[in-house]
Each structure stands twice: as structure tokens, then as C-alpha cells.
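The structure appears below as C-alpha cells.
The values are calculated or read from the model by the stated rules, or taken from the named source; none is laboratory data. It should be emphasised that the depicted structure is a prediction, and the values quoted were computed from it without experimental measurement. Backbone-built Cβ (ideal geometry, glycine too); neighbour counts: all protein chains shown. The area values use the complete protein model at the heavy-atom level, side chains included, leaving out ligands, DNA and RNA. Shrake-Rupley method; radii C 1.70, N 1.55, O 1.52, S 1.80 Å.
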Amino acid sequence: MSEPSHDPAPRYSPLHAVHEALGAAFTDFAGWQMPVRYSSDLAEHHAVRTAAGIFDISHMAEIAVDGPDAAAFLDAALAGRLSAMAVGKAKYSLILNEHGGIVDDLIVYRMADSSYLVVANASNRFAVVDALRERAAGVGGPAFAVELDDRTEQIALIAVQGPASEAVLAATAGLAIEGLADLKYYAWGSGSFGGSDLMVARTGYTGEDGFELYAPVEHAAALWAALTAAGEPLGLVPCGLAARDTLRLEAGMPLYGHELGTSILPVQAGLGRVVVTDKPVFVGRDAIIAGPPEGAPVLIGLAAEGRRAARAEYPVFDGERLVGGVTSGALSPTLGHPIAMAFVDPAVAAPGTVLDLDVRGTRIPATVVPLPFYKKEA
């Protein structure tokens, strides 16, 4: 079992030299130096909506859970019922604290009957690893016969997202994927590249069809180059974190530290469906059953006109009454108008309600709308 380092020194993706050669601008993200853009945020965003984009997301954390109690352990440790998931499938889930707050949101893959892969956000890698280890050891509950292995250092993660993504993978020289065309959303398949096995999942964080490729770090640069060569005639471009953020916002997908946090219950963020409350035991169950206090803020979508967009922490007003705050906001590249997610008083959360966004001292009317703002055509 590998022990993760809590070293605060900057982290670098195994693709860092590739990004430098492409002229990427970098930003610190959870201690990692990651590309924020290569050309322009708008061009990268539009490429994903119309063709395809390639992203380095190697900063994500991968934790293997193996052992005879793996299914029962994850049922107790997480909010979902992972034991019901078939081998070859993936599930979105949450890890909660004892107060029902969200420690992180996760993607969990069932690799075999007694084997899972838990993928956590970079900012919460150590919090998730520590929480899983405590729960496996029986802190606050029964102990489980499982082994946990933080494999983040060994795995490179590359995402190809957009309507042309399947065609890009199919055309990539040296990449072999079993049943690519038949791979369903939130499922994974086996593949190979460069003489090594890899995992290909039909998952993503953009609201488009797409894939995430889990590969050994030593093959990351060659895999990126092969995908890029195959994808260039199809409109594939490298994309940074800025485009990833506007894409996920349009798709109404939450970002930890903005829409999710340890003081937020899943139901407040519209994620009540993710929690299986009829399990007899899971961390945070009592708080989830009790629910949030009356009047606790809830997450909404807001759409405005014009070009001025509200950003995180901008206030939201109902007349002269402060009713909440923006968690994420941008001028939507796809829709052409400002959009935002915000936590507000539930009394003003109904679709059609008109509120005011305080954008640097100017009140901008915005209408409550259902999430997501954008949904790809079937």
C-alpha cells in the first residue's frame, strides 16, 4: 500500500513538458501546475461543443479499493449503494462527514467483484484517502477487510470530450479499445497502448459525449501525441482549465469549493438523489435523514441578459434583501448570455423568479432557471 505525501511543494503533471511546448499558460490548481489555456478560452470551449477537445486531468486522485469486503465497505463509507453496481460500470457518488456535509464528490468504477477504483478531486485527495482509511479501520463503525492503494502517482488521466471524441479514439494509432462503439455512458472498457493496458471510461465533465483514459504515466506523452495526431483533422484542440470550467458550468455540474463543501448537505446542492437513505449504515446517515435546517439555502441556476457576468461570491438580492450568493458564474460561450449558479433562500428558488445580481456595484436582473443551462442533443 503506497503512502501519499502531504508535501506542499508544487506538483507537475507527467505531461507538463508537452504543455510547455504547446505554449500553455499555467495556473496553480490544488497545488498542481496545470494548463489554464493554450490559445483562447472561447476557441477551446467551442471546439468541445462542436468537435473535440483534449484535456490533461492527471491531477485527479485514483484510489484502489480491493478485498472481500470492498462492496460492503464502500456502501458504508460513501453515500451511494456501490454494491449494486455491475462490473464494468461507473457511478457518481459522494463521501460525507458525520454531519452530512460533502467531503468530496467522486466517480467510482467497479473493476471486479471485489475491486473498485475511486476517483477524487485533486484538492481533496488526502482528505478522501484519510477518511477511507479511517472507515476501513473501523473508526466510528465496523472494520472491513479491504486494502486501499493511492495510485495517483502511477496514473496519467487524459480526457477527450466532444461530439467527435469517439472518432478521435477510433482513429488513434496504437490505441486498441475493446468494444469502443458499444461502450455506454458511465461505463468503462479495457484497452492497450504502447504495450501497456489502460482503462477507457465514457465519462466526463463537459456535458458532451467523451472519454477519460487512465494510462501508465510513462506512456502519457506518447498517448497525448497519438490522440492529437488522430484528432487534428477532426477539429481536436488542447483545452485548459478555463474552458473546462465554462463547459461544466453550462452543464450544471458542481465544482467542489464552489457548489459543494463540508457545510453543504447533498439535498441543498440538488444531489439528494445520489444518497441512498435506506442503507442501514453509512457515514452521515443521521444528519441526512434529519435534513437541513428550515430555510437553509439551496442551489439554483440564474440566467441574465447582456454581457456582464456575476462571479463566485457576488451577492444575490431580492429587492433590497440579501438572499444568497453566487457560487460560479460566466458569460456562457454557447448560449451567449450570463449564467450563474447560486445558493439562495428557498423562498426565492422557484423557476421564473427574478432576482438581482450585484455585479461590482451594478444590479443585473437574473431569472431563476432549471439546471443544466445546456444539454447536448440526443
Can you tell me how many residues in region 53-68 are more than 21 Å from Gly240 (Cα to Cα) and crowded, with 24+ Cβ neighbours inside 10 Å? 1
Can you give me the number of residues within region 79-114 that are open to solvent by 10 Å² or more (accessible area, probe 1.4 Å), farther than 13 Å from Val275 by Cβ and among the acidic types (Asp, Glu)? 2
Quick one: which of Val168, Val139, Val217 is in contact with a helix residue (DSSP H, G or I) (Cβ under 8 Å, 6 or more places away or on another chain), of a type in the set (Val, Ile, Thr) and open to solvent by 40 Å² or more (accessible area, probe 1.4 Å)? Val217
Can you confirm whether region 13-25 contains a residue that is surrounded by fewer than 18 Cβ atoms within 10 Å (Cβ to Cβ), of a type in the set (S, T, N, Q) and not in a strand (DSSP E or B)? no
Expected output for region 130-156 (first residue more than 14 Å from Asp66 (Cα to Cα) and assigned to a helix (DSSP H, G or I), partner basic (Lys, Arg) and open to solvent by less than 40 Å² (accessible area, probe 1.4 Å), Cβ below 7 Å, 6+ apart or cross-chain) is Thr152/Arg125
What number goes with the only condition from (1) in contact (Cβ under 8 Å) with a residue 40 or more places away in the chain; (2) among the β-branched types (Val, Ile, Thr); (3) open to solvent by less than 20 Å² (accessible area, probe 1.4 Å); (4) outside any loop (DSSP other than H, G, I, E, B) that Thr203 does not pass? (4)
Ala173 fails exactly one of the following numbered conditions: (1) within 19 Å of Leu94 (Cα to Cα); (2) in contact with a helix residue (DSSP H, G or I) (Cβ under 6 Å, 6 or more places away or on another chain); (3) loosely packed, with under 14 Cβ neighbours inside 10 Å. What is the number of that condition? (1)
Restricting region 231-290 to residues that are open to solvent by 50 Å² or more (accessible area, probe 1.4 Å), in contact with a helix residue (DSSP H, G or I) (Cβ under 7 Å, 6 or more places away or on another chain) and farther than 26 Å from Phe211 by Cα, which is modelled with the highest pLDDT? Thr277
Assuming Leu331 fulfils every condition listed in (1) more than 27 Å from Gly101 (Cβ to Cβ); (2) more than 26 Å from the chain's Cα centre (by Cα) apart from one, which condition is it? (2)
Out of all the residues in region 299-341, which are open to solvent by 40 Å² or more (accessible area, probe 1.4 Å) and in a strand (DSSP E or B)? Pro315, Asp318, Arg321, Leu322, Leu331
Selection count, region 26-38, where residues are in contact with a strand residue (DSSP E or B) (Cβ under 7 Å, 6 or more places away or on another chain) and open to solvent by 10 Å² or more (accessible area, probe 1.4 Å): 8
